[in-house]
Amino acid sequence: MAFEQKKGWEVIVYDSASQQRIRTLQFQDEGKLLEMVRRGGGLANLEAKQSIERAISDGKGGVFLRLTPEQFAKLKIR
């Protein structure tokens, strides 16, 4: 997933196999962004957490999520 701060946080989720955009989300605060990354398995260790925090402070970044099939299916539903 990629994220960028515009008017809030724009989050774009991609399918890693096809590189197709599957969903775009908007969050008003970084707490929601961090929660999505946490639930998606993107904060596996301290290094990953620090990397995300740095990207947030820079205003943009990306992270690979390890979604369950159920989580992936929910993201694809619009």
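The values are calculated or read from the model by the stated rules, or taken from the named source; none is laboratory data. What you see is a predicted model; the values in this text were computed from it and never measured. Cβ placement follows ideal geometry from the backbone for every residue including glycine, while neighbour counts extend to all protein chains displayed.
R23 passes all but one of (1) charged (D, E, K, R); (2) touching a helix residue (DSSP H, G or I) at 6+ places or on another chain (Cβ under 8 Å); (3) part of a helix (DSSP H, G or I); which number fails?
R23 satisfies every listed condition except (3).
Could you check, for the stretch 14-25, whether at least one of its residues is touching a Gly at 6+ places or on another chain (Cβ under 6 Å) and more than 13 Å from A2 (Cα to Cα)?
No, every residue in the stretch 14-25 fails to be touching a Gly at 6+ places or on another chain (Cβ under 6 Å) and more than 13 Å from A2 (Cα to Cα).
When residues of the stretch 32-41 are filtered for being surrounded by 15 or more Cβ atoms within 10 Å (Cβ to Cβ), over 17 Å from A17 (Cα atoms) and touching a residue at least 24 places away in the same chain (Cβ under 8 Å), how many remain?
Residues that pass the stated criteria total 4.
State the number of residues belonging to the stretch 47-63 that are hydrophobic (A, V, I, L, M, F, W, C) and either over 17 Å from E35 (Cβ atoms) or in contact with an Asp or Glu (Cβ under 7 Å, 6 or more places away or on another chain) (or both).
Going through the stretch 47-63 one residue at a time, the tally reaches 1.
Output the residue which, of all residues in the stretch 10-31 that are more than 10 Å from the chain's Cα centre (by Cα), surrounded by 14 or more Cβ atoms within 10 Å (Cβ to Cβ) and free of Cβ contacts under 8 Å to residues at least 40 places away in the same chain, is nearest to I77 (Cα to Cα).
Of everything passing the filter in the stretch 10-31, F27 is nearest to I77 (Cα to Cα).
Looking at A44, A48, A73, which one is surrounded by fewer than 16 Cβ atoms within 10 Å (Cβ to Cβ), hydrophobic (A, V, I, L, M, F, W, C), at pLDDT below 95 and not in a helix (DSSP H, G or I)?
A44
Consider the stretch 51-70. How many of its residues are surrounded by 13 or more Cβ atoms within 10 Å (Cβ to Cβ) and among the small types (G, A, S)?
4
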